[in-house]
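Visitor: So that we are looking at the same thing, I have put the structure below in structure tokens.
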Amino acid sequence: MNLADTNPFLALNYEPALESLGNDYFDRVVAAEFPTHILRFRNDALLSLLKLDPQAVTDEHFIEAFGKFQGREPLLALRYHGYQFGQYNPYLGDGRGFLYGQVRGTDGELYDFGTKGSGTTPYSRSADGRLTLKGGVREVLAAEALHHMGVRTSRCLSLIETGEALWRGDEPSPTRSSVMVRFSRSHIRFGTFERLYYIERPDLIQKLLSHVIEYYYPAMWGQADQYSLFYAELVKRVAELTAQWMAAGFCHGVLNTDNMSITGESFDYGPYAFIPSYDPLFTAAYFDYYRRYCYGRQPSVCKFNLELLQEPLQAVISPEDMEVGLSMFDEHYHIEYSRLMLKKLGFSQLSVTEGEELVQTTIQLLQETQVGYHDFFEKLTQNFSPKWREDANSILDTLDLPWDTSSELLKKWRNLYHKHLTKLPQSEAANISKQLQQSNPKIALLRSVIESVWEPIAQEDNWQPFYDLLRQLTSSNIT
């Protein structure tokens, strides 16, 4: 019997969108065969977007499609280059993954199934093409946490343990292996265009750019200035994405151009971390010795990556038009960051201009006191009281937080918060409380939290704390 007749994943209507561009953009590959397949995570929340009933999709369906990779071809390892820590690397490409397929969601958007840890490809070099189980667990957690914090992100569809022992240079003993399937808008990267510039193929740049606009920027498709409109919109998307990371207290860790999506979506989570306290120099990757990709530099790095992208795109778009688009980055970023921070403070109706001083004073307070970044907003949420309208000194006055209650900065912050509270009618107090609840998750995905669920997996093969954490992370939707 044909597997497509029994497996709902194989019966999906796959679109050969990227494949139709031809062989200049990818290599056909074969998936690795693994000794065992244990489904550790399945994202049932995504199945409705594929018009699939979770009750009708079994664990074995996941394993057949996304562990054994049965019934699907071609599998495409994408070609790309990239700037890595400021140095151009022409030896990149999908070294441990491939594009499994592309499907249209019920929202009309095209989505990719992209693998990670599925075996060697022409771009693996000396690596084994595998993914550690811990790396898979970390990406599942990051994607789900960020999605439910309102960050535009890829998500994980499945994570399967594969039974191989992997040796990694920073580990004294072998670690467990896995294969993951990522669900995202596109796996086309800034580095995909940089490669085409490197091999001197402006014709392929225009062909790929037209494809990107047709599929991912359809509102601009067919317009006379579609290419410059695309770049301006990409700048806006990346600026807003960076603001979302910053408000969430998230440090991606490795913002090389091969980790930048052409759709302005966050993906490929390696050594990421959420900041414990507000520190612009907080650095997620232990190998980022010069703090190039530290938390506070993310906006400037993303803007610089957009500037680097102008080099290949100038084959199609005039440099002047791209400069106009890029000049809006700071404004787009500032508006989105201020909007999100005001919502974290409970104010959804304040304009950026009205709330500017409050946002800046909040950041100063967080940085000076080094109170836990997430703890501050969580305590603000849990302790908010309409009575704060009556006396500025009562705001967060009963909490054991690391600040000097006589601090002029604390007085300034309380007075500003009080001022905005009293500007609103008494009836708005419930809306402020609701906004705080919606904008501030109850638990932060700090490194210590990740380790607390990994330890039972590593020591006892106990996955319950991992599943419990996922439920906590996904219990609130940030809007």
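Visitor: For the chain, what is the percent of antiparallel DSSP beta bridges, rounded to the nearest 5? Could the numbers behind the result be given before it?
Guide: Working: 37 of 38 bridges.
The antiparallel proportion sits near 95 percent.
Visitor: Give the Cα extents of the range 138-240 along the principal axes, in whole Å, largest first.
Guide: Reported extents, whole Å, longest axis first: 57, 37, 21.
Visitor: Let me ask something additional. Calculate, in nm to one decimal, what GLN84 and LEU281 gain on full extension: separation in residues at 0.36 nm each, minus their alpha carbon distance. Kindly include the intermediate steps, with their values, before the conclusion.
Guide: Values: separation 197, 0.36 × 197 = 70.92 nm, distance 1.93 nm.
Between GLN84 and LEU281, full extension yields 69.0 nm more.
Visitor: Can you list, largest first and rounded to whole Å, the semi-axes you get for the range 44-152 by taking the square root of 5 times each eigenvalue of its Cα gyration tensor? Could you put the intermediate results ahead of the total?
Guide: Working: eigenvalues 142, 67, 45 Å².
Here the semi-axes work out to 27, 18, 15 Å.
Visitor: Further question on the same structure: Per 0.36 nm of contour for each residue apart, how much would the distance between ASN431 and GLU320 grow if the chain were fully extended, relative to their Cα-Cα spacing?
Guide: Roughly 35.4 nm would be gained on extension.
Visitor: Continuing with the same structure: For the range 350-479, treating each Cα as an identical point scatterer without solvent, what Debye log10 I(q)/I(0) comes out at q = 0.10, 0.15, 0.16 1/Å?
Guide: Here log10 of I(q) over I(0) equals -0.42, -0.81, -0.89.
Visitor: In nm, to one decimal, how far is the ARG447 label point from the ASP404 one, both placed 7 Å along Cα→Cβ?
Guide: 3.0 nm
Visitor: Once the other residues with Cβ under 15 Å from the Cβ of LYS387 are scored (Lys, Arg +1; Asp, Glu -1), what is the net sum? Please list the in-between numbers first.
Guide: Working: positive: ARG389, ARG414; negative: GLU390, ASP391, ASP397, GLU428.
Net of charged neighbours comes to -2.
Visitor: Excluding residues on the same chain fewer than 8 positions from LYS412, give the aspartates and glutamates whose Cα lies under 18 Å from its Cα.
Guide: Partners within reach: GLU354, GLU356, GLU357, GLU368, GLU390, ASP391, ASP397, ASP404.
Visitor: Can you give the calculated 222 nm mean residue ellipticity of the chain, where each DSSP H run of n ≥ 4 adds -39,500 (n - 2.57) and the sum is split over every residue, rounded to the nearest 500 deg cm²/dmol? Don't jump to the answer; show the numbers that get you there.
Guide: Numbers: 14 runs with 191 residues, N = 479.
The helix-only estimate for the chain comes to -13000 deg cm²/dmol at 222 nm.
Visitor: Among 186-195, 16-25, how do they line up by average Cβ neighbours within 10 Å per residue, starting with the highest? Walk me through the intermediate numbers first.
Guide: On the way: 186-195: 25.8, 16-25: 14.5.
Put in order of decreasing packing, that is 186-195, 16-25.
Visitor: Calculate the spin-label point distance for GLU15 paired with GLN55, positioning each point 7 Å from the Cα along the beta-carbon direction, and give it in nanometres.
Guide: So the label points at GLN55 and GLU15 sit 3.0 nm apart.
Visitor: Report, in degrees rounded to the nearest 10, the 0 to 90 angle that the Cα long axis of helix 298-313 makes with the longest principal axis of the chain.
Guide: Roughly 40 degrees between the two axes.
Visitor: Hey, what do the phi angles of the range 352-362 turn into as Karplus ³J(HN,Hα) couplings, whole Hz, using 6.51/-1.76/1.60 and θ = phi - 60°, x for Gly and Pro?
Guide: 4, 5, 5, x, 4, 5, 5, 4, 5, 5, 4
Visitor: I would also like to ask the following. Mind pulling the per residue volume of the convex hull built on the Cα atoms of the range 103-197? Å³ is fine. Display every interim value, and only then the final one.
Guide: Working: hull volume 13.6 nm³, N = 95.
Expressed per residue, the convex hull around the Cα atoms of the range 103-197 is 143 Å³.
Visitor: Ranked from highest to lowest mean number of other Cβ atoms within 10 Å per residue, what is the order of the peptides 117-124, 66-73? Please report the intermediate quantities before stating the final value.
Guide: Numbers: 117-124: 21.5, 66-73: 18.6.
Taking the mean over residues of other Cβ atoms within 10 Å, the ranking is 117-124, 66-73.
Visitor: Name the trypsin sites (Lys or Arg not before Pro) in the range 417-473 that are in a loop by DSSP and that have at most 15 other C-beta atoms within 10 Å, would you? Can you show the working numbers first?
Guide: Values: sites: LYS419, LYS423, LYS434, LYS442, ARG447, ARG471; in loops: LYS442.
Sites meeting the loop and neighbour criteria: LYS442.
Visitor: Then there's this: Work out the P(r) tail for the range 255-316: percent of alpha carbon pairs separated by more than 20 Å, whole number. The partial results should precede the final answer.
Guide: Numbers: 591 of 1891 pairs.
Distances greater than 20 Å cover 31 percent of the Cα pairs.
Visitor: Once the convex hull of the alpha carbons of the range 419-479 is built, what does its volume come to per residue, in cubic angstrom?
Guide: Numbers: hull volume 5.4 nm³, N = 61.
Output value, Cα hull per residue: 88 Å³.
Visitor: Separate question: Determine ³J(HN,Hα), in whole Hz, for all residues of the range 426-441 in sequence, where each value follows from phi through the Karplus function 6.51 cos²θ - 1.76 cosθ + 1.60 and θ = phi - 60°; x replaces Gly and Pro.
Guide: Result, rounded to whole Hz: 3, 5, 7, 4, 5, 5, 5, 4, 5, 5, 4, 4, 6, 9, 10, x.
Visitor: If you don't mind, there's one more thing I want to ask. Ranked from highest to lowest mean number of other Cβ atoms within 10 Å per residue, what is the order of the peptides 197-204, 224-231? Each step should come with its number before you reach the end.
Guide: On the way: 197-204: 14.1, 224-231: 17.9.
Descending mean neighbour count gives 224-231, 197-204.
Visitor: Give the share of C-alpha pairs in each 5 angstrom bin for the range 190-275, from 0 to the last occupied bin, in whole percents, shortest bins first.
Guide: Result, from short to long distances: 3, 13, 20, 22, 18, 12, 8, 4, 1 percent.
Visitor: Per residue Cα convex hull volume for the range 386-431, in cubic angstrom? Intermediate values should be presented prior to the final figure.
Guide: On the way: hull volume 3.4 nm³, N = 46.
In the range 386-431, the Cα hull volume divided by residue count equals 75 Å³.
Visitor: Moving on to the next point. I'm a student and want to see the number: the projected area of the Cα convex hull of the range 344-415, averaged over all directions, in nm².
Guide: On the way: hull surface 19.1 nm².
Averaged projected area of the range 344-415's Cα convex hull equals 4.8 nm².
Visitor: Determine ³J(HN,Hα), in whole Hz, for all residues of the range 280-293 in sequence, where each value follows from phi through the Karplus function 6.51 cos²θ - 1.76 cosθ + 1.60 and θ = phi - 60°; x replaces Gly and Pro.
Guide: Each residue of the range 280-293 in turn: x, 8, 4, 10, 7, 8, 5, 8, 8, 5, 9, 6, 4, 10 Hz.
Visitor: While we're here: Work out the P(r) tail for the range 165-322: percent of alpha carbon pairs separated by more than 19 Å, whole number. Walk me through the intermediate numbers first.
Guide: Values: 7420 of 12403 pairs.
Result for the distance tail: 60 percent.
Visitor: Going through the cross-link list LYS303/LYS442; LYS344/LYS379; LYS207/LYS236; LYS343/LYS442; LYS343/LYS423, which pairs have a Cα-Cα distance over 20 Å in this structure? If you can, show how the numbers build up before the last one.
Guide: Numbers: LYS303/LYS442 32 Å; LYS344/LYS379 11 Å; LYS207/LYS236 23 Å; LYS343/LYS442 15 Å; LYS343/LYS423 16 Å.
Violating the 20 Å Cα-Cα cut-off are LYS303/LYS442; LYS207/LYS236.
Each value in this text was obtained by applying a stated rule to the coordinates, not by laboratory testing. For clarity, every value in this text was computed on a predicted model and none was experimentally measured. Cβ coordinates were reconstructed from backbone atoms using ideal geometry, including for glycine residues, and neighbour counts include every protein chain displayed.
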